Structure formats: structure tokens, C-alpha cells
Amino acid sequence: MQMATIAPHLANGMVLLIVYKFLSDLNRQSDANISNGNFKLLPMLHHVTAGLKALSSEMQYVGGDELRQACGGAGFSLASGISLHWLGLSPNPTYEGVNVLMFQQSARLLLSQMKLVESG
């Protein structure tokens, strides 16, 4: 039963690491382009990082809350340290932009790309 609870979070963490590698490469490429006066990657970088912030902070919040609840009453006790950890995680979906807005910014790029594909 515990692996069924933990496994999805471990898999999500691995996916986030892969996306982080992609974003690091994209950021390096964008920095190199900017030094040559080319700003074309900035919109992509903005929208992808907004979506990643929203997705990762949502995963973090849900995973921390599942951990807290799985430990029963001890998960709510300050002595366990779990509730303090969760309290540190809980504002992350709000910091640097509420997740709803971050998801909308990321979706805006997807919708504009879909319109480009439709128009040929």
C-alpha cells in the first residue's frame, strides 16, 4: 500500500528533473541568443517556467498533504515535524504568482501555437 502512495510522487519527481534539464538548456540557449540581440526564446521560456512553477508547486502541496494525512494524528502533531514541513510548503502555490494564473500563462502559449498550426 505504501508504494502505491509513494510511487506516483517519485515518478513525478523524476519527470520534473527531466523538465528542469530541458529548461536549463533552454535558458542557456536564450542567454546566448540575448547576447547576440535575439530575444525570440523569451516568450517560450516565460510560458514554460510559469507552467512548471504551477505544476511543481501543486505536486509539492498535494504530496506533502498526502504524507501528513497518511501519518494519521502524528502527521498533524507539531512534534512529528511533518506538519511544520507542510506549513512551509503550503504557500508555494501562491508565491511568485497564483497557480491558476501561471497555468493560464502557460496555456496561452499552447493556444497560440495551436492557432499557428491551424493556419498552416
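Assuming residue 92 fulfils every condition listed in (1) exposed (fewer than 13 other Cβ atoms within 10 Å of the Cβ); (2) touching a residue at least 24 places away in the same chain (Cβ under 8 Å); (3) not aliphatic (A, V, I, L, M) apart from one, which condition is it?
The single condition residue 92 does not satisfy is (1).
Are any of the residues in region 54-67 outside any helix (DSSP H, G or I) and without any contact (Cβ under 8 Å) to a residue 40 or more places away in the chain?
no
Taking the options 106, 57, 35, name whichever one is over 12 Å from the mean Cα position of the chain (by Cα) and among the polar types (S, T, N, Q).
Going through 106, 57, 35 in turn, just one is over 12 Å from the mean Cα position of the chain (by Cα) and among the polar types (S, T, N, Q): 35.
Determine whether region 80-88 contains at least one residue that is in a loop (DSSP other than H, G, I, E, B) and either charged (D, E, K, R) or in contact (Cβ under 8 Å) with a residue 60 or more places away in the chain (or both).
No, because not a single residue in region 80-88 is in a loop (DSSP other than H, G, I, E, B) and either charged (D, E, K, R) or in contact (Cβ under 8 Å) with a residue 60 or more places away in the chain (or both).
Quick one: in region 38-49, which of the residues that are over 12 Å from residue 109 (Cβ atoms) and of a type outside the set (A, V, I, L, M, F, W, C) is farthest from the chain's Cα centre (by Cα)?
Going through the qualifying residues, I end up with 38.
Kindly list the number of the only condition in (1) out of contact with any Phe, Trp or Tyr (no Cβ under 7 Å at 6 or more places or on another chain); (2) assigned to a loop (DSSP other than H, G, I, E, B); (3) under 21 Å from residue 14 (Cβ atoms) that fails for residue 92.
Result: residue 92 fails condition (1) only.
For region 64-83, state whether one or more residues are closer than 22 Å to residue 20 by Cβ and charged (D, E, K, R).
Looking through region 64-83, none of the residues is closer than 22 Å to residue 20 by Cβ and charged (D, E, K, R).
Every number in this text was worked out from the coordinates using simple rules, so none of it is lab data. Keep in mind the model is a prediction, meaning the values are calculated, not measured. As a convention, Cβ positions derive from the backbone with ideal geometry for all residues, glycine included, and neighbour counts pool all protein chains shown.
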